[in-house]
1. From (1) touching a Lys or Arg at 6+ places or on another chain (Cβ under 9 Å); (2) closer than 18 Å to THR973 by Cβ; (3) not in a loop (DSSP other than H, G, I, E, B), pick out the condition that doesn't hold for THR836.
2. One residue is enough: does the stretch 658-674 have a residue meeting the conditions closer than 13 Å to LYS721 by Cα, out of contact with any Lys or Arg (no Cβ under 9 Å at 6 or more places or on another chain) and assigned by TED's automatic domain parsing to the domain that holds PRO741?
3. If you take the residues in the stretch 467-486 that are among the polar types (S, T, N, Q) and more than 18 Å from the chain's Cα centre (by Cα), which one is surrounded by the most Cβ atoms within 10 Å (Cβ to Cβ)?
4. Suppose the filter is among the acidic types (Asp, Glu), over 32 Å from the mean Cα position of the chain (by Cα) and buried (at least 22 other Cβ atoms within 10 Å of the Cβ); does ASP369 pass it?
5. Output the qualifying pairs, or none if there are none: Cβ atoms under 6 angstrom, residues six or more apart or on different chains, first residue in the stretch 606-623 and under 25 Å from GLY669 (Cα atoms), second residue among the β-branched types (Val, Ile, Thr).
6. List the pairs whose first member sits in the stretch 329-348 and is touching a residue at least 40 places away in the same chain (Cβ under 8 Å), whose second member is among the basic types (Lys, Arg), and whose Cβ atoms are under 6 Å apart, counting only residues at least 6 apart or on separate chains?
7. Which of the following residues is surrounded by 24 or more Cβ atoms within 10 Å (Cβ to Cβ) and among the hydroxyl-bearing types (Ser, Thr, Tyr): THR801, THR819?
8. So LEU238 ticks every box in (1) of a type outside the set (Asp, Glu); (2) part of a loop (DSSP other than H, G, I, E, B); (3) closer than 30 Å to ALA634 by Cα; (4) in contact (Cβ under 8 Å) with a residue 60 or more places away in the chain but one. Which box is left unticked?
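The values are calculated or read from the model by the stated rules, or taken from the named source; none is laboratory data. This structure is a prediction, so every number in the text was calculated from the model and none was measured. All Cβ positions, glycine included, derive from the backbone under ideal geometry; neighbour counts span all protein chains shown.
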Amino acid sequence: MPVSPLSRIRVTAAGLLAAVAALASSGATLSAQPAAAADPMIQDLRWRNVGNANLVGRISSVDALENDFAHVIVGSASGGVFKSTSAGAAWTPIFDKYGAASIGDVKINQTNPNIIWVGTGEECGRNSAAWGDGVYKSTDGGTTFTNVGLKDSFNIGKIILHPKDPNTVWVAAIGNIYGPIGTRGVFKTIDGGTTWVKQTEGLPNDPQTGAIDMVMDPSNPEILYVSFWQRIRYPWRLNSGGPNSGIFKSTNGGRSWRKLINTLPTGDMGKIGLAIARSNPKVLMAHIEHGFQPPATLPTPGQPAQADGGGGAGGRGGGGGTPNPEYADMTKLGAGIYRTENGGDTWTFLDRYLTRPFYYNHIGISPLDDKYIFSYNIGYRRSTDGGKTFTQGGGGNGGHCWHAMWHDPHNKNRYYIGSDGGLNLTHDDGVNDLRFENLNVTQYYSVSADMREPYYLCGGLQDAGSSCGPSATRAQGIYLSDWFNISGGDGYHTQQDPTNYRNIYSESQPDRQGGNIGRSDAETRSRTSIRPSKANISNWDEYITPEMEKKAEAMNWGVQPQQMGPLRYNWSTPFILSPHNPKAIMIGSNHLVMSLDGGATYRLISPDLTQNDPERTSRLSGGMTPDENPGGGAEYHATIITISESTVEPGQVWIGTDDGNVQVTRDYGKTWAKVGTAGMPGNPRPDIWVSRVEASKHTNGTAFATVTGHRFAIYKPFVYKTTDFGKTWTNITNNIPDGHPMYVVKQDPKNPDLLFAGSEFAAFYSLTGGQSWQRLNNNLPTVAVHDLLIHPRDGDLIAGTHGRGLWVMDDITPLQQMTPAVRGAAAHLFDNKVATQWLSIQPQHNGGEISFIGTNPSRNAAINYYLSDRVTGEVKFEVSDAAGRNTCSASFPAKAGIQKVEWAMRLNTPAPPAGAPAPPAGGSGGGRGGGGAVGACLLAPNPAPAAGGRGGGGGRGGGGGAGGVTPGTYRVTMTANGTTYTSSITVRADPMLADINR
C-alpha cells in the first residue's frame with residue numbers, strides 16, 4: 001500500500017563535491033594498508049583456490065620484453081600482477097601481499113628487466129572499478145616491490161619510462177573518480193621514484209580532471225602527449241566530460257605543455273585514448289569522446305527514434321532506418337577517431353565509432369606500420385589504411401570487451417591483447433588466438449553452495465555470466481572441465497536449492513540484468529526465466545498505479561521492452577531462497593517481491609522501501625555520452641541491494657538499499673519498520689550504500705550490517721550490530737583498519753560470537769562478536785572479498801573474491817568451537833569432522849599446461865587442537881582403534897594457536913596379504929606423501945599456500961595404502977605439558993560407494 005514519502009537527500013553536484021572533500025579531510029583514509037602478517041592463532045587454517053579460471057577476468061595492462069615476447073607482465077583490474085617467462089605457459093603472481101589488487105599499468109624496463117613498475121588502480125571508470133595506493137617499483141624482477149609514492153592517486157592511467165635513463169619516469173594519474181580528494185595529473189621522477197614533481201604548467205589542475213593516457217615520441221623522450229579526462233561518478237550517475245578534458249603536448253620532458261586544439265572538435269570532451277607510431281612518431285591516433293554524436297540512421301516514419309551516439313561497426317545508433325547525412329558528413333567534428341601526421345598540429349577526423357567511452361576508447365598502432373590501426377573496445381577492429389576504414393578483428397577465442405594490448409616490435413602479426421575475458425596471444429594477427437586459462441583473475445560478485453558431496457559452488461562473475469563447479473573432486477585437482485555456465489553476460493547473485501541440487505537460480509544475462517532471475521537445471525543446463533513482471537505479480541495494482549507506470553515508461557529511454565516499469569532493479573539484483581522453504585523466493589527491486597512456487601507467480605510484499613529521490617532515479621547516466629546499458633541498470637539507484645531472512649523467526653526479513661535505508665518486517669511484508677542507517681553511530685551519510693544485512697542465525701531481533709562509503713570517496717570501514725530489531729545499533733567495526741570499505745558480514749551458524757567480514761582488500765574474523773577483529777588472509781592474496789559463505793554441513797568458509805576466483809578454507813570447526821573457555825585453557829582437543837576415504841578417479845587428461853587446476857583439500861583426516869603459549873616442548877598424538885590395540889603416534893613441536901595434525905587413516909599394522917582387496921587410494925601427489933601406500937600416518941599440515949595452478953590439486957598421504965583403516969570411530973589422544981586430552985574421529989567410506997550399492 002502507498003506510504004508517506006520517505007526523507008530524501010538532494011544536493012547539487014558542487015555541494016556533493018564539497019561535502020565529500022570535507023569528509024575526506026576529516027579522517028577518511030585514502031589508501032589501503034599493506035597486507036598484515038598471518039595471525040598465529042589461525043596459521044594452520046589455509047585457503048585453497050578452487051577456480052574458476054576458464055572465464056578469467058578483466059585484464060587492464062600488459063607489457064613484455066621487446067627482444068623476448070615470452071617475458072611478459074600482466075596487470076589485472078582487481079587480481080594483482082602476474083609474470084611469465086614462458087609466453088604464458090606458466091604464471092607467477094608477484095603482487096599478492098601489497099596494498100592493492102587493482103592495476104592501472106605495468107611496465108618493464110627494456111634495458112634492465114629486473115626493474116618493473118606497477119601503477120595501482122585501473123583506469124576504467126565503471127561502477128565496480130576498484131582503486132589503488134600509488135606506484136610500486138621492483139628491482140629484482142618482481143620478487144619484491146616497494147611503494148615509491150603517489151599513494152593517494154587512487155587510479156593510474158599510464159606509466160612512461162625513459163628509454164635510456166632508468167631513474168626518469170612519468171606517471172599519468174587519473175585520481176579518485178568518486179570525489180575531489182587525492183592527487184591527479186602528470187608526475188615525473190628523475191631519481192627512480194624517491195621524489196615526484198607534479199607537472200602543472202599548461203595542464204588542468206582541478207579536483208575532477210586527471211591524466212588518463214600518455215605516449216612518448218620514441219625518437220625523442222622530451223616529446224610527450226597526454227590526455228586529460230574530466231569526470232566524476234556518483235552511485236546513481238556517471239558524469240563524463242567537461243571543458244578541462246583534452247590532449248596536451250610537451251617538447252621539454254613535461255616542464256610545460258600546450259593544449260592541442262587545431263582541427264579537433266570544440267567544446268567539452270570526455271575520455272580520450274592515445275597512440276603514437278613507433279615507425280613514424282609524427283603519426284598519432286586519438287579516440288575522443290565528445291558531445292556531438294549523431295546517430296548513424298534516422299528513424300523510419302512511425303518508428304521510435306534511436307538513442308544518440310555514433311554508429312559505425314559496433315557503434316551506437318546503428319540499425320535500421322534512413323541514413324543520417326550528418327553522420328556521413330565528417331566535416332562536422334564530434335566523437336570518434338582522429339589522426340595526425342604532423343605531431344598534433346592538425347588532425348583528420350576518420351571514424352565516428354563510439355561505444356561506452358568511459359569503459360573503452362582504446363586505440364593502438366602497430367610498431368612496424370603506422371597505417372595498421374587497432375581500435376579495441378567491445379570488439380576489436382583493425383584498419384590497414386591509417387584509420388580510414390575498419391574491419392572487425394579476430395574472434396579472440398573467448399575474449400570480449402578489450403582493454404590492453406602489447407605489440408611485438410619485431411613481428412607485426414604477434415600481440416598480446418587483454419579483455420574482460422582474460423589475456424590472449426596471437427602469432428598470426430588474430431586468425432588464431434591462444435587464451436590463457438591458467439591465469440585466474442576471475443571476478444566473482446557472489447557465491448552459493450549446494451548440499452551434494454562434495455558440494456558444488458556457483459557464483460556470478462563480471463562479464464562472464466554465472467558458473468558452477470565442485471568444491472573438491474576425486475581427481476588430482478579441480479579441472480576447468482569440471483565447471484559449467486548457467487548464463488552469460490554479467491552474472492551476479494546465485495542460489496542453490498538445498499533439497500534439490502538440480503535447481504540453480506541466478507540473476508544475469510543473456511536476458512540482461514535488472515531482475516532477470518532464471519532457474520537452471522544443473523544436469524541439462526536448461527534455463528527458465530522466472531523474472532517478476534506485471535503479468536505474473538498477482539497484486540500489482542495494490543502497489544503500482546497507472547500514473548507510476550506512465551512515469552516509468554517516459555523515463556525508460558531506449559530500453560528493451562522487458563523492463564518492468566516502476567520496479568527499479570539494481571545492476572546486481574539481490575534475491576534469496578527462504579531458509580524455511582526453498583520454493584519461497586524473495587527478489588529486491590525498490591519493492592520486495594515474493595514467490596511461494598519457485599518463481600511461477602509472485603506477490604509484491606512491500607511498498608517502495610528506498611528513499612526514492614527523483615533526482616537519483618532518472619536512469620540517465622554517462623554525462624555527454626548516455627550509457628548504452630539502460631536495461632542493465634549499472635547506475636539504477638534507489639534499489640534494494642541486500643536481503644536476509646531470519647532462520648530463527650520465519651517472516652522476519654531485513655533489506656538494505658543503495659541509498660541508505662535498512663528496513664525490517666516480521667510478517668512477510670504486512671508491516672515494515674525503517675531502522676537505519678541514520679541511527680548508526682559514526683555513519684557519515686544517511687544515503688550511504690548498505691552493502692549487506694545479515695539476520696542473526698541465533699538470536700531473534702539481532703542483525704548485522706555493513707555499509708560502504710567508497711562511492712562517496714569515504715574509505716573508512718563500517719560494521720554494525722543491532723539486538724532490538726534495529727531500534728538501536730552498535731558500531732562493531734573497532735580495530736578493522738581504515739582504508740577497508742566493507743562488503744559483507746556473516747555470522748557463523750554454530751558459534752554466535754564468530755563473525756566473518758570481507759572488504760576491498762581482505763577477509764576478517766572475530767571470536768568476540770565484533771569486539772575485536774583479525775585478518776583472515778593467511779595465503780589469501782590481497783583481493784576484494786565480495787561475498788562469504790559458511791557451508792552449513794561441512795563447516796567450510798567460502799570466499800567469493802572479485803579478482804582471484806573462489807577460495808575455500810576447509811574445516812573452520814575449530815573456530816566454531818573456540819569459546820572463551822577454550823581460549824582460557826592451556827590446551828584443548830577439538831571435536832573432529834567426519835573423515836571420508838574418497839575414491840581416486842582420474843580423468844583421461846587434465847587440460848594441458850595452460851589450464852588452471854583448482855586445489856583439492858587434503859585427503860587426510862584433520863585433527864584440530866589449540867595450544868596456549870603456556871604449553872612448551874612437544875605435543876604427542878595417538879590414534880587407535882576402539883580397543884586401543886592398533887595405534888598411530890607421533891610428536892610435534894608445541895606452537896601457540898589453533899593447530900592441525902593430519903591422519904592418513906592408517907594404523908601401524910602389517911600390510912594386507914597379497915591378493916587382499918586394496919583400501920581406498922591415497923592422495924594423488926598434490927603434496928608430501930601423496931599416492932600413499934607408505935609413510936608416516938600422522939603428518940604436520942603442508943605450510944605451502946594452496947593457490948591452484950599447475951599441479952595444485954590432490955591431497956597428500958590420504959586414506960590409502962598399507963594398513964588403511966576400515967570405516968568406524970577411532971580414539972584420539974593428545975598429551976601436552978603432561979596432561980592427556982581425548983576425542984574421537986569417525987571415518988566413513990566414500991558416499992559414492994553407498995550410492996552404487998543401493
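1. (2)
2. Within the stretch 658-674, none of the residues are closer than 13 Å to LYS721 by Cα, out of contact with any Lys or Arg (no Cβ under 9 Å at 6 or more places or on another chain) and assigned by TED's automatic domain parsing to the domain that holds PRO741.
3. SER471
4. no
5. PRO607/VAL3; LEU609/ILE655; THR610/THR657
6. GLY336/ARG352; GLU341/LYS282; ASN342/LYS282; GLY343/LYS282; GLY344/LYS249; THR348/ARG339
7. Details: THR819 fails: surrounded by 24 or more Cβ atoms within 10 Å (Cβ to Cβ).
Checking each option against the conditions leaves just THR801.
8. Result: LEU238 fails condition (2) only.
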